[in-house]
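Structure first, commentary second.
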Amino acid sequence: MSKFMLPRSVELKPLLASLILVTGSSISIAQSQVLTLSNTVKMAQENDLWLLSNQQSQDSLSSLSVASGSLPDPKVSLGFANLPSDTFDFNQEGMTQFKIGVSQMFPRGDSLNLKRKQLELMANEYPYQRQERKARVVVNVAKLWLDAYKAQESIALIERDRSLFEQLVDVAESSYATTMGKTSQQDIVRAQLELTQLDDRLTVLNQQRDIALQRLDEWRNNYFIAQASAADLMNISEHEIGIGNNLSSEALTLDRKLPDIKLLNAELYTSAKQTQPQKLYEYLVDHPSVMSVEQKIKATNSGIALAKQKYKPEWAVNASYGYRDASPMDEERADLFSVGLSFDVPLFTGNKQDKEVQSAVYKTEAMRTQKWLLLRQLMASFEATKAQLLRLDQRHKLYQTQLLPQMHEQAEASLTAYTNVTGDFSEVVRARIAELNANIASLDIEVERQKLRAQLNYFFMKNSNQIIDGRFSERQVENHND
C-alpha cells in the first residue's frame with residue numbers, strides 16, 4: 001500500500017458512519033392535510049348519493065301505500081236517454097229523460113288494507129338496505145384508504161433506502177479510487193443500477209398512491225349532493241344523509257399511523273377450526289342484508305293473503321236520477337230514480353284465482369330460499385376471510401420475531417464485513433435490497449390484516465361505525481391477540 005494512501009477502513013469510516021445514520025432515519029411527509037381513516041369513512045357516508053336515492057325510494061313507497069289504501073274515485077255519468085230519432089224533441093216521448101248517475105266500486109274483501117300493508121312492508125326494507133350500504137361503504141373505503149397508505153409508506157421506505165444506496169455508490173466510488181481494484185467497476189454499476197430500479201419502484205408506487213387517492217375522491221367530494229337534496233318534496237333527515245364538505249386534493253397526505261382495527265366477536269378467531277354453523281347463524285341472522293331479505297319475505301307473504309281476496313266478489317253500487325220534461329199537452333211527468341248493485345262471481349277459479357295464490361306462495365318460498373342462500377354465502381365468505389387472517393397473523397409474527405431482525409442482522413453483518421475488507425460489495429447490496437423487500441412485505445402483511453379485519457367486522461356489526469371501531473354498543477369484546 002502506498003504511504004500516501006489511508007487504510008481502507010479508515011478512509012471509508014465517515015461515509016459508513018453517515019450510511020448507518022441514514023438507515024435509522026425516516027422521511028417526513030408534509031402534514032398540510034392529514035386524512036385519517038375515520039374521517040374518510042365519515043365523509044364517504046355523508047356524501048353517498050345512493051343513500052339519498054334509497055331514502056327517496058322509500059318515501060315513494062310510503063306515499064303509495066297511503067294512496068293504495070283508499071277507495072277508487074266514484075264515477076259520475078251525464079246523458080240523454082231515449083230521445084226520439086225522428087224529431088229529437090225532449091218532451092215528445094214519456095221515456096225521454098236527462099239522466100245523471102253516480103257509481104262507486106268496492107274492491108274485493110280486505111284487499112285495500114292488505115295492499116297498503118304490503119307496500120308498508122316493502123318500504124320497511126329500505127332502512128336495512130341503507131344500513132348494509134353504509135357497512136359496505138366503510139369496508140370499500142377502508143380498503144382504498146389502506147391501499148393508499150401502503151403505497152405512501154412503501155414510498156417512505158424506499159426513499160429512506162434510496163439515500164442509503166446513494167451512500168453505497170459513494171462508498172463504491174471511493175473504494176474503487178483508493179484500493180487498486182478491490183472494488184470493481186461492476187460494483188459501481190450495480191449500485192447505480194439499484195438506484196435506478198428504486199426510482200422505477202417509486203414511480204410505480206406513486207402511480208398506485210395517486211390512483212387510490214383519486215378513487216377515494218369519489219367518496220370524499222360532495223358533487224351533486226346539493227342538487228339531489230334540493231327537492232323540498234322529500235322529508236330527508238340531515239342526520240342520516242349529510243351534505244358533507246369537500247376537501248382539496250392538493251398536498252393531501254394520509255395519517256402515518258396504521259389503524260389497529262379490533263375484531264368483533266374475537267372469540268371466533270381463537271381456533272383455525274371451522275365455526276359451528278348454528279353458532280355462526282346466530283351471529284349472521286341479524287345482518288342488515290339478511291334482515292332486508294326477511295322484509296321481502298314478509299311483503300311477499302302478505303301477497304298470499306292479497307291473492308286470496310280474489311275469491312271474493314268485487315262490488316259496485318250505482319244510482320241515477322232521470323229528469324223528464326212535461327208532455328206536449330203540458331202534463332207533468334214524474335222524474336225517475338234508479339239504484340242498483342252489481343258484483344262479479346268468481347266461479348271458474350281453477351285456472352285463475354287458484355294459480356294466482358299458488359304463484360304468490362312460490363314467490364314467498366323463493367324469497368325464503370334466497371335468505372338461506374345469502375346466509376350460506378355469508379358463512380362461506382366469513383370462513384374464507386378468517387382463514388386468510390389467521391395465516392397472515394402467522395406471517396406477521398414470523399416477520400416481527402424472526403425474519404426482519406435476521407434480515408437487519410444480515411445487512412449489518414455484510415456491511416461490517418465489507419468495511420473490514422473481508423466482505424463483498426455485491427453482498428452488501430443484496431443484503432440491503434433483501435432487507436428493503438422484507439420491510440415492504442411486512443408492511444403489506446400489516447395492511448392486508450387490517451383489510452381482512454374490516455371485512456370480518458362487516459359480518460357482525462350492529463351499525464357501520466363498529467367496522468373500524470371494533471366495539472359493540474351493548475358490551476365490550478376482547479381484543480384479538482396478535
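Its residues counted as N, the stretch 267-375 yields a C-alpha radius of gyration over 2.2 N^0.38 Å of 2.26. Counting pairwise Cα distances across the stretch 44-156, what percent come out greater than 21 angstrom? Counting every Cα pair in the stretch 44-156, those more than 21 Å apart make up 68 percent. The chymotrypsin sites (Phe, Trp or Tyr not before Pro) of the stretch 297-354 meeting both criteria, a DSSP state outside H, G, I, E and B (loop) and at most 10 other C-beta atoms within 10 angstrom of the site's C-beta, are Phe348. The Kirkwood radius of the stretch 334-403, taken over pairs of alpha-carbon atoms, gives through the Stokes-Einstein law at 37 °C and 0.692 mPa s a diffusion coefficient of 175 µm² s⁻¹. If a/c stays under 1.5 just call it rounded; otherwise compare a/b with b/c (prolate if a/b is bigger, oblate if not). Do that for the stretch 347-482, with a ≥ b ≥ c from the square roots of the Cα gyration tensor eigenvalues. Cα axes put the stretch 347-482 in the prolate bin. For the stretch 76-134, chymotrypsin sites (Phe, Trp or Tyr not before Pro) are listed when DSSP marks them as loop and at most 11 other Cβ atoms sit within 10 Å of their Cβ; the list is Phe88. Under 19 Å of direct C-alpha separation, and excluding same-chain neighbours fewer than eight residues apart, Lys386 reaches these aspartates and glutamates: Asp260, Glu267, Glu282, Asp444, Glu446, Glu448, Asp469, Glu478, Asp482. Among the listed pairs Lys150/Lys262; Lys42/Lys279; Lys150/Lys371, give every one whose C-alpha distance is greater than 26 Å. Long pairs (Cα-Cα over 26 Å): Lys42/Lys279; Lys150/Lys371.
3J(HN,Hα) along the stretch 285-290, derived from phi through the Karplus expression 6.51 cos²θ - 1.76 cosθ + 1.60 where θ = phi - 60°, amounts to 5, 9, 5, x, 5, 6 Hz, with x in place of Gly and Pro.
Sorting Tyr126, Tyr281 from the fewest to the most surrounding beta carbons within 10 angstrom yields Tyr281, Tyr126.
A short reminder: the numbers here are calculations on the coordinates, not readings from a lab. Keep in mind that what you see is a predicted model, and the values were worked out from it rather than measured. Reconstructed Cβ throughout: ideal geometry from the backbone, glycine too, with neighbour counts over all protein chains shown.
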